[in-house]
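Please read the structure below before turning to the comments.
The values are calculated or read from the model by the stated rules, or taken from the named source; none is laboratory data. This is a predicted model, so every value here is computed, not measured. Because the Cβ atoms are built from the backbone with ideal geometry, glycine has one as well, and the counts that use them run over all protein chains shown. Heavy atoms of the whole protein, side chains included, go into the accessibility calculation; ligands, DNA and RNA do not. Shrake-Rupley method; radii C 1.70, N 1.55, O 1.52, S 1.80 Å.
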Amino acid sequence: MTTVATTTADTASIAVHRKLQHLPTFLNRQNPEFARIFDAVSEMPLDDTHCHLVTDRDAITTPQRFLERISLAGYPFPNYFPKGVYQKWVDGDEATRHALNKQYDVQAKVDDMTFHISQGIFIKFLVKEMAQFLDCEPCLDAVIEARNEHGNDYGGYMNSLFRDVNYENIMLDTGFNEDTGREQIEKFEAAIAPCRSHRIARIETIQRKYLPLDISFDEFEARFIADLLDNLDGTGNFGKPSVGMKSYLLPYIGLIRPLHERGPAAESWNAFRKAYADLPEMEREAPHLVTKDLNRYTFTLSLEECLKRDMPLQIHTGDGEAPDVILRNQDPFYLEEVVRFDKDGRMRQPKIIPLHAGYPEVGKAAWLSHLYSNCYFELSVMTPQVHQNLYERYKQILEVVPLSKVLFGSDNYHVPELFWISGRWGKRYLAQALADYVDSGTLTSEEAIEAARMILFKNNRAVYNLNDTWAQKFS
């Protein structure tokens, strides 16, 4: 019997072959350029420039609940009913549910929504990918059963997902935390180690706590600024400082024109206080008109502080969580005045990151990033929701956005699988797009692999100044 020694190169080749075997059949797995680039990309570290907390609420779940929690169409279910009704239905006993179904038809609406979600190709594809990872049958019931087996060690399950796609840094927007606090955030951050979590403070979260208070504008302003500075430099962001900020203003007012003058903001605050009791009864756009100048002012104060610190400001664009937001307000071009940030006759151009690829207005977000050197392009929501067509979308972006300005992101919320599938599909379809550029002679193999490094992790670290000095300061 002859024994054949296996070299390091042979081992690497076998590993690549196994990875390629797991790719969908529509990818040209025999293309040597794609195989080479995919091998390099799949091993790269990954930074997520925009994401949210995962709590323990979905450690054990059901197929219907999982569909609701992972879908952008599903998780706003509570907004389809009067305030508090849906949560009472979720938590209620049989009699409570029966009464609420009779009054609001909750079960029928949930069944209808989750049925349509289950018929999306995104879910069908995700189920197959999860089945491969969990080693179970490729159907939703089997996947959720296998997933629930990890429920008693949910942190360990999350960690395995993070390690599978090699996350090294996440930029965690703490403004959406499902009404939890410091303990839950720290538990999540410990679970994903050695991946490092860096926190993003949200303007609206800082402001929200003062809105119910019957105080003067001067007092509101003083409290807001003190809290803002504590979030950025102190321990205001659930015990830690922040590396940047996030705004959710665009979906509510559309075009954002920065406001430096206190007078209009004070008038807006006073009008808001007078109308406070009536706000819940107003049509959905009306409250945002009342607070428009106040929000423009707090937005501008926050952006000024980001500019002083060379911190980026993330701004929600595209997608949107209907039915709560106003979808037509989310055009990326509505951010041009923010990107310019004109004052005293000059454009000061702070670091601006329009989120979610501006999806579905991807071309507009890409063009804004092309024209303004301080405007970046972030890939979340489009990654992973577009899945197989990410290949074409990535090429659309790379036609105009400099490689040095594209940032990988997932916008993960609720369940950790969105982190994982974003990394899995993001790497896969980025490799496919870059292989096309190599095959056409547009890029060399070395340029393509360096482009992947920039997009997947290097650009994020440059934008957020994640150097050794920063790490020591905020560890």
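Set side by side, the residues SER242, SER216, SER247, SER197 differ, and just one is over 28 Å from the mean Cα position of the chain (by Cα) and polar (S, T, N, Q), which is SER216.
Rundown of residues vs (1) open to solvent by 10 Å² or more (accessible area, probe 1.4 Å); (2) under 18 Å from the mean Cα position of the chain (by Cα); (3) of a type in the set (Asp, Glu), yes/no style:
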| residue | (1), (2), (3) |
| --- | --- |
| PHE125 | yes, no, no |
| ASP141 | yes, no, yes |
| ASN166 | yes, yes, no |
| MET171 | no, yes, no |
| PHE176 | yes, yes, no |
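Sub-7 Å Cβ pairs linking a first residue in segment 107-122 that is more than 13 Å from LEU140 (Cα to Cα) to a second residue that is surrounded by 11 or more Cβ atoms within 10 Å (Cβ to Cβ), at least 6 apart or interchain, are GLN107/ASN101; LYS109/TYR80; VAL110/PHE77; MET113/ALA73; MET113/GLY74; MET113/PHE77, ordered by first then second residue. Taking the listed residues TYR334, TYR359, the one that is within 13 Å of the chain's Cα centre (by Cα) and among the aromatic types (Phe, Trp, Tyr) is TYR359, with no other qualifying.
The conditions of being touching a Ser or Thr at 6+ places or on another chain (Cβ under 7 Å), more than 30 Å from GLY244 (Cα to Cα) and open to solvent by 10 Å² or more (accessible area, probe 1.4 Å) are met by GLN64. The set of residues from segment 145-199 being within 21 Å of LYS240 (Cα to Cα) and hydrophobic (A, V, I, L, M, F, W, C) comprises ILE170, MET171, LEU172, PHE176, ILE185, PHE188, ALA190, ALA191, ILE192, ALA193, CYS195. Criterion applied to GLY363, GLY318 was being small (Gly, Ala, Ser) and in contact with a Phe, Trp or Tyr (Cβ under 6 Å, 6 or more places away or on another chain), and the one residue passing it is GLY318. Checked against (1) in contact with a helix residue (DSSP H, G or I) (Cβ under 8 Å, 6 or more places away or on another chain); (2) of a type outside the set (S, T, N, Q); (3) in a loop (DSSP other than H, G, I, E, B); (4) under 17 Å from ARG69 (Cβ atoms), GLY175 passes all but a single condition, namely (4).
Inspect all residues belonging to segment 195-210 and state whether any of them is closer than 30 Å to GLU336 by Cβ, free of Cβ contacts under 8 Å to residues at least 24 places away in the same chain, among the charged types (D, E, K, R) and in contact with a helix residue (DSSP H, G or I) (Cβ under 7 Å, 6 or more places away or on another chain). Scanning segment 195-210 turns up no residue that is closer than 30 Å to GLU336 by Cβ, free of Cβ contacts under 8 Å to residues at least 24 places away in the same chain, among the charged types (D, E, K, R) and in contact with a helix residue (DSSP H, G or I) (Cβ under 7 Å, 6 or more places away or on another chain).
In segment 333-348, what residues are assigned to a loop (DSSP other than H, G, I, E, B) and either open to solvent by less than 10 Å² (accessible area, probe 1.4 Å) or in contact with a Leu (Cβ under 9 Å, 6 or more places away or on another chain) (or both)? If the condition is that a residue be assigned to a loop (DSSP other than H, G, I, E, B) and either open to solvent by less than 10 Å² (accessible area, probe 1.4 Å) or in contact with a Leu (Cβ under 9 Å, 6 or more places away or on another chain) (or both), then PHE341, ARG348 are the ones that fit. Figure legend. Inter-residue proximity from segment 314-328: first residues without any contact (Cβ under 8 Å) to a residue 24 or more places away in the chain, second residues among the charged types (D, E, K, R) and surrounded by fewer than 17 Cβ atoms within 10 Å (Cβ to Cβ), beta-carbon distance below 6 Å, spacing 6+ or different chains. No pairs are indicated.
For segment 178-207, a tally of residues being of a type in the set (D, E, K, R), at pLDDT 95 or above and open to solvent by 50 Å² or more (accessible area, probe 1.4 Å) returns 5. Could you give me the residue pairs with C-beta distances under 7 Å whose first residue belongs to segment 72-91 and is over 20 Å from ASP58 (Cβ atoms), whose second residue is exposed (fewer than 14 other Cβ atoms within 10 Å of the Cβ) wherever it lies, and which are 6+ apart or on separate chains? So the pair list comes out as TYR80/PRO323. Against the conditions (1) of a type in the set (A, V, I, L, M); (2) crowded, with 21+ Cβ neighbours inside 10 Å; (3) in contact (Cβ under 8 Å) with a residue 40 or more places away in the chain, LEU229 satisfies every one except (2).
Just to be sure before I move on: is ILE449 crowded, with 23+ Cβ neighbours inside 10 Å and in contact (Cβ under 8 Å) with a residue 24 or more places away in the chain in the structure I sent? In short, no. The residue of segment 87-118 that is least open to solvent (accessible area, probe 1.4 Å), among those that are among the aromatic types (Phe, Trp, Tyr) and over 17 Å from ILE70 (Cα atoms), is TRP89.
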